[in-house]
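Read-outs: derived from the displayed coordinates by stated rules, not from any lab. Treat the numbers as computed from the prediction; the structure is a model and nothing was measured. So basically every Cβ, Gly included, is an ideal-geometry build from the backbone, and we count neighbours across all protein chains shown.
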Amino acid sequence: MTKPYDNRAMASLSQTQGLQHTSVDQTDQAGLITQEGGAPKILIVKLSSLGDVLHTLPIVWDLRKRLPHAQIDWIIEEAYVPLLKPLETTNTFRGIDRIIPLAFRRWRKSLWSRSTWHEFRTMRQILQATTYDVILETQGLIKSALVCTLAKKSAHAVVAGLGNATEYSGYEPLARFFYTQAVQVPKQCHAVDRARWVMCSAMDWPLIKRENEPPQFYPPEFVKHLPILPLEDLSSATNDPTAPYVLCFHSTARAAKRWANESWIDLGKSLAKEGYRLVLPWGSTSERQVSEFIASHIPGAIVPRAISIEEAYSLVAHAALIVGVDTGLTHVAAVLGKPTVEIYCDSPRWKTEGYWSNQIANHGDVGHPPEVAEVLAACQRLMMQSSI
């Protein structure tokens with residue numbers, strides 16, 4: 001079958017750019033790795049952040065479907081380990097065989113301490129304990145590419161990473177020097193599809209198309225059994241810990257991606273009239289102040305205590321609806337298959353929008369934040385749909 005990309009063309013492009021890290025021999029070797037014995041040792045290098053890690057999860061399912069006996073490891077920043085735990089291999093489920101945490105963010109704060117270097121050496125020893133046949137790096141950053149160099153590799157290992165930037169994404173061209181295969185992807189490429197491009201090129205497979213194989217994220221049983229998160233403010237206000245509530249994720253790392261406070265207030269008032277209690281989580285002192293400001297204008301709105309990533313999963317799982325801007329916790333709701341309205345104000349929808357479920361509504365785009373009426377209509381449609 002003809003592939004929708006050509007590794008030989010990639011090799012030619014890399015050479016014209018002065019890079020010496022892609023060759024036809026190595027590309028052909030990828031096919032041998034996946035055919036002989038069907039049990040290659042694969043390392044996924046995706047260190048952060050929340051949304052990026054979530055959108056890389058589908059390649060675990062893709063790899064397992066085609067290589068059920070492969071060893072699949074993943075190295076990740078320690079703060080995001082909980083995102084991978086539901087896919088960890090058990091006696092009854094085969095997913096990620098080994099989760100390898102590192103702590104670059106924490107180590108930078110105490111670079112010269114003995115404990116930092118001890119932890120770094122331990123992490124390196126773990127990476128050297130397995131001889132990897134394939135390493136997949138879908139971030140395109142020097143930091144991630146350097147991690148690839150720390151891993152022990154087989155004689156003909158394929159180290160595949162991004163060969164170009166996509167629009168609105170961080171990318172460091174020098175990272176290509178650390179790959180054996182730099183994969184050219186479309187300039188406008190969804191984060192899920194981008195990871196699949198890199199994986200399929202490394203494995204010498206035809207590109208997996210979203211319409212043929214919608215991405216999978218977490219096992220349905222995991223989502224079904226997430227416990228109710230007891231929120232004192234919610235249960236005391238309603239005398240019912242299972243009362244319907246709507247989560248509003250208004251905060252994001254970049255201020256331009258936020259939806260106006262006035263829009264949140266108008267939306268919240270309308271949803272409150274329909275009998276829903278709004279919950280406005282936060283992650284920092286400044287975000288909490290915004291939550292409190294919005295909540296002060298909406299009858300019955302709640303600003304909860306600080307919650308962990310694990311608790312956020314439970315909070316999302318039992319919400320009647322989630323409304324959020326382009327931020328990690330909104331993407332949690334989308335990958336869990338919950339009724340989710342994603343609001344885009346200063347980032348492109350094509351980059352991260354949830355396209356795998358009719359439970360997800362995407363509104364707005366770069367420079368075109370949606371009107372309140374548009375978002376409210378989407379909320380009402382999804383809530384009606386989920387009640388049928």
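Amide H contacts of residue 302: 278, 279, 280, each under 5 Å away and 5 or more positions distant or on a separate chain (H built 1.01 Å from N in the peptide plane; Pro and chain starts excluded).
How many angstrom separate the Cα center of segment 283-325 from the Cα center of segment 126-167? Cα centroid of segment 283-325 versus Cα centroid of segment 126-167: 37 Å apart. Each of residue 374 and residue 187 was given a label point 7 Å from its Cα along the Cα-to-Cβ line. The distance between the two points is 2.4 nm. Between the amide H of residue 76 and those of 100, 102, distances stay under 5 Å, these residues lying 5 or more places away or on another chain, with hydrogens modeled in the peptide plane. Sequentially through segment 289-301, phi angles give Karplus couplings (6.51, -1.76, 1.60; θ = phi - 60°) of 5, 5, 4, 5, 5, 4, 4, 5, 9, 10, x, x, 5 Hz, Gly and Pro residues having no value and appearing as x. Model label points for residue 168 and residue 108, set 7 angstrom from Cα along the Cα-to-Cβ axis, are 2.4 nm apart.
Summed over all non-identical Cα pairs, the Kirkwood treatment of segment 148-200 gives a radius of 11.9 Å. Legend: Rg and Dmax of segment 128-229, from Cα coordinates, 15.8, 49 Å.
Viscosity 0.890 mPa s, temperature 25 °C: give me the Stokes-Einstein translational D for segment 278-329 in µm²/s, with Rh taken as the Kirkwood radius over C-alpha pairs.
210
Over all directions, the projected convex hull of the C-alpha atoms in segment 237-380 averages 7.8 nm² in area. Straight-line cross-link reach from residue 152 at under 18 Å between alpha-carbon atoms covers these lysines, not counting any fewer than eight positions away in the same chain: 41, 46, 143. One equal scatterer on each Cα of the chain, no solvent, Debye formula: the resulting log10 I(q)/I(0) at q = 0.09, 0.11, 0.12 Å⁻¹ is -0.57, -0.82, -0.96.
Taking amide H as placed 1.01 Å from N in the peptide plane, residue 362 has its amide H under 5 Å from the amide H of 342, each at least 5 places away in sequence or on another chain.
Karplus-based coupling profile of segment 45-54, in residue order and whole Hz: 10, 9, 7, 6, 9, 4, x, 5, 5, 4, with θ = phi - 60° in 6.51 cos²θ - 1.76 cosθ + 1.60 and x standing for Gly or Pro. Taking +1 at the Cβ of each Lys and Arg and -1 at the Cβ of each Asp and Glu, which of 51, 174, 281 sits farthest along the dipole of the chain towards its positive end, judged by Cα position relative to the Cα centre? Projecting each Cα onto the dipole axis, the largest value belongs to 174.
Rounded to the nearest 5, what % of the DSSP beta bridges within the chain are antiparallel ones?
Working: 1 of 42 bridges.
Bridges in the chain that DSSP calls antiparallel: roughly 0 percent.
Estimated at 0.36 nm per residue, the fully extended path between residue 274 and residue 287 surpasses their Cα-Cα distance by 2.1 nm.
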